[in-house]
Amino acid sequence: MEIDYSKYPMPHRFRHHTTPNAYFPVDELKVVPKSYPPLYESIDWKEHYADGKQPRYLDVGCAKGKFLLDYSELIPEENILGIELRVAPVDWLRGVIEGEKLPNVSVLWYSVVNGLNFIEDNSIKKVFYLFPDPWSKKKHLKRRALNEKMLDEYDRVFRDDGELYLATDLLDVHEDQKELIDNHPKFEYEEIATDDKWGLPVTNKEMFCRKENIKFYRMICRKKQ
């Protein structure tokens, strides 16, 4: 998507991480900090999309939104929702979306580990979880947003042909995700080695990996039939 980003100056810097508490479900916290993202039981999609319909695509951890905006251009008749833990990128992205009058893309400041109660059952076509914060230290693994509970939630919101796209530049994360899916009764995965089979716009992180010749790993998860 061609956007003149000079019209939307970014803050001097985005913090890579937010408060560690935001990576945990609110019901696991003894004290909920004021900076914790808001919770949603339902959402009025008329406030987000020109057609007032709910999204069929989710970009979890959309960050600065390059992939989110590029993909929205590929699905002009359907809606995509970006979900991001940090408020600064969300505020900036909202400015871009509103300034460019993009009808089918929106972004939500939210911690996805609290579930997707605002998404209807059997409604989502694709979820993208691309190059997330790896939390590679053993003591930090519980902060990862892909776990058994989230796979259960994706099983609920996915249509029968729903797909979960995963990408990371860390082999340990890739192997852990494969093990997680192998142990889940509802999902199976396919590792993707070629761009034509992947068929998605390039994220900022993927651009960096290609430039620096850093290996990355991709797979598509689907419901078992």
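The values are calculated or read from the model by the stated rules, or taken from the named source; none is laboratory data. A quick note: this is a predicted structure, and the numbers were derived from the prediction, not measured. Cβ placement follows ideal geometry from the backbone for every residue including glycine, while neighbour counts extend to all protein chains displayed. What goes into the accessible areas is simple: the full protein's heavy atoms, side chains included, and nothing from ligands, DNA or RNA. Shrake-Rupley method; radii C 1.70, N 1.55, O 1.52, S 1.80 Å.
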Taking the range 209-225 and keeping residues more than 20 Å from V127 (Cα to Cα) and open to solvent by 100 Å² or more (accessible area, probe 1.4 Å) leaves R210, K211, N213, K215
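Restricting to the range 195-214, count the residues that are outside any helix (DSSP H, G or I) and without any contact (Cβ under 8 Å) to a residue 60 or more places away in the chain.
Of the residues in the range 195-214, the ones outside any helix (DSSP H, G or I) are 199-203, 212-214.
Now narrow it down to the ones that are without any contact (Cβ under 8 Å) to a residue 60 or more places away in the chain: 199, 212-214.
Residues meeting the conditions: 4.
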If we keep only residues of the range 24-35 that are part of a loop (DSSP other than H, G, I, E, B) and under 19 Å from E153 (Cα atoms), then the residue most open to solvent (accessible area, probe 1.4 Å) is F24
Scanning the range 36-92 for residues that are of a type in the set (F, W, Y) and either surrounded by 19 or more Cβ atoms within 10 Å (Cβ to Cβ) or outside any loop (DSSP other than H, G, I, E, B) (or both), the one modelled with the lowest pLDDT turns out to be W92
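Select, from F158, F128, the only residue that is more than 25 Å from T19 (Cβ to Cβ), at pLDDT 95 or above and under 16 Å from the mean Cα position of the chain (by Cα). Steps first, please.
On the way: F128 fails: more than 25 Å from T19 (Cβ to Cβ).
None of the others qualify; the one that does is F158.
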Note on F131: of the conditions (1) among the hydrophobic types (A, V, I, L, M, F, W, C); (2) open to solvent by 90 Å² or more (accessible area, probe 1.4 Å); (3) within 25 Å of P89 (Cβ to Cβ), unmet is (2)
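Quick check: is even one residue across the range 2-17 of a type in the set (S, T, Y), outside any helix (DSSP H, G or I) and either open to solvent by 60 Å² or more (accessible area, probe 1.4 Å) or touching a Gly at 6+ places or on another chain (Cβ under 7 Å) (or both)?
Our first condition is that a residue be of a type in the set (S, T, Y); within the range 2-17, this holds for 5-6, 8.
If we keep only those that are outside any helix (DSSP H, G or I) as well, we get 8.
Still in the running and either open to solvent by 60 Å² or more (accessible area, probe 1.4 Å) or touching a Gly at 6+ places or on another chain (Cβ under 7 Å) (or both): 8.
Yes: the range 2-17 contains one or more residues that are of a type in the set (S, T, Y), outside any helix (DSSP H, G or I) and either open to solvent by 60 Å² or more (accessible area, probe 1.4 Å) or touching a Gly at 6+ places or on another chain (Cβ under 7 Å) (or both).
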Matching residues in the range 174-185 (surrounded by 14 or more Cβ atoms within 10 Å (Cβ to Cβ) and not in a helix (DSSP H, G or I)) number 1
Being surrounded by fewer than 17 Cβ atoms within 10 Å (Cβ to Cβ) and either in contact (Cβ under 8 Å) with a residue 60 or more places away in the chain or over 13 Å from the mean Cα position of the chain (by Cα) (or both) narrows E188, E153 down to just E188
